[in-house]
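Contents: one structure, followed by commentary.
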Amino acid sequence: MWLGVYFGILGIMLAYNLFIFLSLRDTTYAYYLFYIATVFLQQVTLQGIGFQYLWPDGEPINNNLAVALSTALMQASAVGFVISFIGLYERFPRFERVTGTVLLLYSWLLVAGAPVMDYASFLAVVNVTGFLSVLAGIYIGIKGWWLGEKAARLFVLAWFVYLFFISWFLAELASLIPASDLGGYALAIGSVLELALLSIAFADKVNQEKELRLSSQSQLMDVQIAMNAELEEQVRKRTRELEEANQRLEILSTTDGLTGLLNRRRFDQCYAEAYFDACRTGSPLAVLMIDIDHFKLLNDEYGHRFGDACLVDAGRLIHEVTENHNAICARYGGEEFVVILPGADAREAQALAESLRQAFAAHEVSAYGMSRRMTVSIGLTVNSPVDSDAWEKLLQAADSLLYRAKRNGRNQVAFLMESSA
């Protein structure tokens, strides 16, 4: 009769929590259902019901395997349930996360080893492991309680009760205390009390989450009422913040990460706009192609990290020299840079190109315990474009002049005044 009551309680818990799981779709409930099912299976085997009714011909080897497998599955599901219920991976430090993971992996190794290990040896191992797992559950529950999880109080109580009955069962099994009829049912009594307390803990957790949601909704309504008068200002503030964030994103997507100048994609857009504006207004447009002299040798001699430092300094020098000239400055590729001066005449463009050359020649790059001066060759062309389809020719002309400067000895400006195109 008492076994009937016990299994009836387990069946009710299983059905009730299955209904809750189907309603909430909470993963923790799935672990809990699996745990209840494995407890049910373990008690079916321990109480001889499986041996009497389920295993073919009542073979002891099948019953031994069922005991071992159900016990290992119960431990594995219990560890998984503890990890999910208490939020181990989301809220706990590394030590607890590692401990929980080790226990979970070891429990599933026991499941895998149940069919092949010696029965008596397996039971000795799994009983000790179960005892340690319950201790770990109590510790993790106490830690969760300390971290502010209110439902962990009942969680700790549940595992403490189960630990008491496991200790009773193991003590009788090891003949440390006299055997009794009640002690034979210690695991069953402990499991039903534990499951009942865990169900209450679950309900408490759900109620707390519900209260938290209701409290949050109430606070939100109060905040909304209090902020109605300031809503328009807040919207403007949020809009400004969004615009600033978009600007920052735009800068990140259009800027060369090493030099801080425009990247090639953004330069192509800006140059096309500047070129078409010059075509429309008839104003001059200057293009400076800049290349660091002997950069490959510099990289080979001093290393790529020092070469990157040179590129960083190059970007800064170009920015400093051109910042008052409405210039479009970009890293064109590798150690090559380009500067566009909308509206600049030949004299202004030449002066700026020479200033850039001198700034580089006077600057000493110091990084990683090394120092080196670097020079640049510059190709400069100035044009008042009229053909909107000839924008590439202006870049090509500046690039050709750049190579002329290199052929003529480097560290110089090669200039050509283009006719209108």
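The values are calculated or read from the model by the stated rules, or taken from the named source; none is laboratory data. Just so you know, these numbers come straight off a predicted model, no measurement behind them. A quick note on method: Cβ atoms are made from the backbone with ideal geometry, for glycine too, and the neighbour counts reach across all protein chains shown. Ligands, DNA and RNA are stripped out before the accessible areas are found, and what is left, the full protein with its side chains, is counted by its heavy atoms. Shrake-Rupley method; radii C 1.70, N 1.55, O 1.52, S 1.80 Å.
Numbers for the structure displayed
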quantity	calculated
Members of segment 332-367 that are open to solvent by 30 Å² or more (accessible area, probe 1.4 Å), touching a residue at least 24 places away in the same chain (Cβ under 8 Å) and within 16 Å of Leu416 (Cα to Cα)	Asp345, Glu348, Gln350, Glu354
Condition check for Ser355: among the polar types (S, T, N, Q) and modelled with pLDDT under 90	no
Any pair with Cβ under 9 angstrom, 6 or more apart, that starts in segment 265-288 at a residue that is free of Cβ contacts under 8 Å to residues at least 24 places away in the same chain and ends at one that is assigned to a helix (DSSP H, G or I)	Arg265/Ser253; Arg265/Thr254; Gln269/Thr254
Residue count, segment 8-24 (criterion: among the aromatic types (Phe, Trp, Tyr), exposed (fewer than 12 other Cβ atoms within 10 Å of the Cβ) and modelled with pLDDT under 75)	0
Where a residue in segment 368-381 is farther than 15 Å from Val287 by Cβ and open to solvent by 10 Å² or more (accessible area, probe 1.4 Å) and its partner, wherever it lies, is of a type in the set (A, V, I, L, M, F, W, C) and assigned to a strand (DSSP E or B), with Cβ under 9 Å and at least six apart	Ser371/Val365; Arg372/Val365; Arg373/Val365; Thr375/Ile292
All positions within segment 279-325 that are open to solvent by 10 Å² or more (accessible area, probe 1.4 Å) and of a type in the set (Phe, Trp, Tyr)	Phe295, Tyr302
Unique match (being open to solvent by 10 Å² or more (accessible area, probe 1.4 Å) and closer than 19 Å to Gly343 by Cβ) among Ser384, Ser400	Ser384
Meets criteria (over 23 Å from Gln358 (Cβ atoms) and open to solvent by 50 Å² or more (accessible area, probe 1.4 Å)) for Arg240	yes
Strands (runs of 3 or more DSSP E) enclosed by segment 329-392 - at least 3 residues per element that are of a type outside the set (Lys, Arg) and under 44 Å from the mean Cα position of the chain (by Cα)	336-342, 364-367
Test result for Glu244, at pLDDT 75 or above, within 30 Å of Val339 (Cβ to Cβ) and part of a helix (DSSP H, G or I)	yes
Tally, over segment 126-160, of residues that are more than 22 Å from Val102 (Cβ to Cβ), modelled with pLDDT of 70 or more and surrounded by 19 or more Cβ atoms within 10 Å (Cβ to Cβ)	1
Residues of segment 39-49 satisfying the condition of being surrounded by 22 or more Cβ atoms within 10 Å (Cβ to Cβ) and over 11 Å from Leu195 (Cα atoms)	Gln42, Gln43, Thr45
Test result for Thr27, modelled with pLDDT of 75 or more and open to solvent by less than 10 Å² (accessible area, probe 1.4 Å)	no
